[in-house]
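For reference, the structure is listed below as structure tokens.
The values are calculated or read from the model by the stated rules, or taken from the named source; none is laboratory data. Just so we're clear, the structure is a prediction, and the values are computed from it rather than from any experiment. A quick note on method: Cβ atoms are made from the backbone with ideal geometry, for glycine too, and the neighbour counts reach across all protein chains shown.
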Amino acid sequence: MKRQVLIIGGGLAGLTAALRLSAQGYAVTLVDQGSELGGRLLQSDTETLPVVVLGYQQATLSLLQTLGTASHVSFSNRLRLEFRLPDSGASGTARRVRWPRPLLPAPFHTILGLAFFHGLSRRDRWHLLMLLERTWEGDPPLPADLEHRTAAAWLTESGQSTDAANHVWNPLAHFLVGNGLTNISAAILIATLTRCFLTARRHAGLAIPDCDLRPLFLEPAHEKLLQAGVLLRLDTAVEHLRFDAHRITGVQLRSGGMLTADWYVAALPHRHLTPLLPERALTRFAYFQHLTKLTDTPALTVHLWLNQPVPAPHVLLLAERPFHWLVCRAEGESADRQTRVSLTATGRPDLLARPDQELLELALKEVVTAFPSAGVAGAKDYRIVRQPHAFLSTGAGTAALRPLQQSPFPNLFLAGDWTDTGLPATLESAILSGTLCAKAIQAKQTGTP
């Protein structure tokens, strides 16, 4: 008889766990309170954040292969990170600088690229190259307390100027980690930059999928789960988890029913999970107590469908602007082709309270400034997505609060971008957490370490 797994939550973490476990022969039931799969990825029939896939995101690329949609993600050396920087001369106009990617093996592609990256002053480049050399040689090694220091403080101590922090590292931190330098730990910034720029050259590659989240992830996942015999119970809300002294014994539904399984995966946002836990679990185990100390970072995205074409694709990071980055993508075929620009601000709760018309005007102004030769006069359509809880806040000391997949109860596992994956709370982290849960259950089943 097949061992049974119950997964709570239909976001990418839960979907990945369900796909991996069903492929290993488990009988999987997936429960979600929404009417369709996707969880936080969808809001008001609109995808939340624009999707940009980075070359280091191996869990994401593996999932796309499983789903048969990898062809929608094409890496090109022509698509690179661009920075819109204030001009340092008397004109006061903005300038755009591309991040170089020389055709060299890692880490020499980054070392040479930095030497010619004009977004940083010669002094900042020199200090950074010296830091890389010392780190490479381990003399001295990186400090042991980086998790308890802010990225801003570490960059200052490493010799980076205020201009370098404001114009390059802060926009890059918002794009890669989901918050600014003063609100993330030095450890998470260093780990992310290392994965992107100091490992394989392909890991710094960028790809903008040529379709939305539904055809890229959600629709093929839905189809594959049904083909694998996974029982999908949508529009099904969970009231609480039932425990005895040692294990989960069932999941109480808000409708009054009860679901049981051999293994349970809670693939929910941390703020939605804690109300499902009994008080004795929260008070007895530090593992669960830590969940109540996690906080989130907001994000705001304005999606614009423009009445004039602009050059695409682009990933443009914005320095000292209301929005922190924009993604430009062409959509449609031939005569129906149009340009979609998505502008995102993270860590700016003040923007969430502004009215739609004001945000639309801010976004259009940013597009006109970014693409002055395109003659953009307005938008044919737009969507504004406000996310008060878009990313896990990864400030100093947060790493110790992020839970491992295995909970104190041997048959309960946690999945989600906010769990301890060693990554920022991104799609890659969510997908990886689902894979890690599937591996942990398989290891429990087979008795392997």
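Looking across LEU42, LEU30, LEU37, one residue alone is under 16 Å from ASP235 (Cβ atoms) and touching a His at 6+ places or on another chain (Cβ under 7 Å). It is LEU37. Within region 108-126, being buried (at least 18 other Cβ atoms within 10 Å of the Cβ) and not in a helix (DSSP H, G or I) holds for PHE117, GLY119, LEU120. When LEU128, LEU132 are checked against the criterion of being touching a helix residue (DSSP H, G or I) at 6+ places or on another chain (Cβ under 8 Å), among the hydrophobic types (A, V, I, L, M, F, W, C) and more than 22 Å from ARG84 (Cα to Cα), LEU132 stands alone in meeting it.
To keep it simple, each residue is scored yes or no on (1) outside any helix (DSSP H, G or I); (2) touching a Leu at 6+ places or on another chain (Cβ under 8 Å).
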residue: LYS2; (1), (2): yes, no
residue: VAL5; (1), (2): yes, yes
residue: ALA13; (1), (2): no, no
residue: ALA18; (1), (2): no, yes
residue: LEU21; (1), (2): no, no
residue: GLY25; (1), (2): yes, no
residue: THR29; (1), (2): yes, yes
residue: LEU61; (1), (2): no, no
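I'd like to check something: does region 283-290 contain any residue that is part of a loop (DSSP other than H, G, I, E, B) and either among the aromatic types (Phe, Trp, Tyr) or surrounded by fewer than 14 Cβ atoms within 10 Å (Cβ to Cβ) (or both)? Yes, because at least one residue in region 283-290 is part of a loop (DSSP other than H, G, I, E, B) and either among the aromatic types (Phe, Trp, Tyr) or surrounded by fewer than 14 Cβ atoms within 10 Å (Cβ to Cβ) (or both). Applying the set (1) under 28 Å from ALA345 (Cβ atoms); (2) touching a residue at least 24 places away in the same chain (Cβ under 8 Å); (3) part of a helix (DSSP H, G or I) to ALA165 leaves exactly one unmet item: (2). For region 266-280, the set of residues classified as touching a helix residue (DSSP H, G or I) at 6+ places or on another chain (Cβ under 9 Å) and either crowded, with 20+ Cβ neighbours inside 10 Å or in a loop (DSSP other than H, G, I, E, B) (or both) consists of ALA266, ALA267, LEU268, PRO269, HIS270, LEU273, LEU277, listed by residue number. Within region 255-265, does at least one residue satisfy the condition of being part of a loop (DSSP other than H, G, I, E, B) and among the hydrophobic types (A, V, I, L, M, F, W, C)? The answer is yes; a qualifying residue exists.
Residues in region 216-250 that are part of a strand (DSSP E or B) and either in contact (Cβ under 8 Å) with a residue 40 or more places away in the chain or crowded, with 20+ Cβ neighbours inside 10 Å (or both): LEU231, LEU232, ARG233, VAL238, LEU241, PHE243, ILE248. Being in a helix (DSSP H, G or I), out of contact with any Gly (no Cβ under 7 Å at 6 or more places or on another chain) and not polar (S, T, N, Q): is that true of LEU304 here? So LEU304 fails the test.
For region 83-100, a residue qualifies if it is assigned to a loop (DSSP other than H, G, I, E, B) and at pLDDT below 90, and the qualifying residues are ASP87, SER88, GLY89, ALA90, SER91, GLY92, THR93. Hey, any hits in region 281-297 for a residue that's charged (D, E, K, R), in contact with a Leu (Cβ under 8 Å, 6 or more places away or on another chain) and modelled with pLDDT of 95 or more? Looking through region 281-297, at least one residue is charged (D, E, K, R), in contact with a Leu (Cβ under 8 Å, 6 or more places away or on another chain) and modelled with pLDDT of 95 or more.
Considering the conditions (1) touching a residue at least 40 places away in the same chain (Cβ under 8 Å); (2) among the hydroxyl-bearing types (Ser, Thr, Tyr); (3) over 24 Å from ALA17 (Cα atoms), THR260 is excluded by exactly one of them, (3). Applying the criterion of at least 3 residues that are touching a helix residue (DSSP H, G or I) at 6+ places or on another chain (Cβ under 7 Å) and either among the hydrophobic types (A, V, I, L, M, F, W, C) or in contact (Cβ under 8 Å) with a residue 40 or more places away in the chain (or both) to the strands (runs of 3 or more DSSP E) found wholly in region 334-426 leaves 338-346, 379-392.
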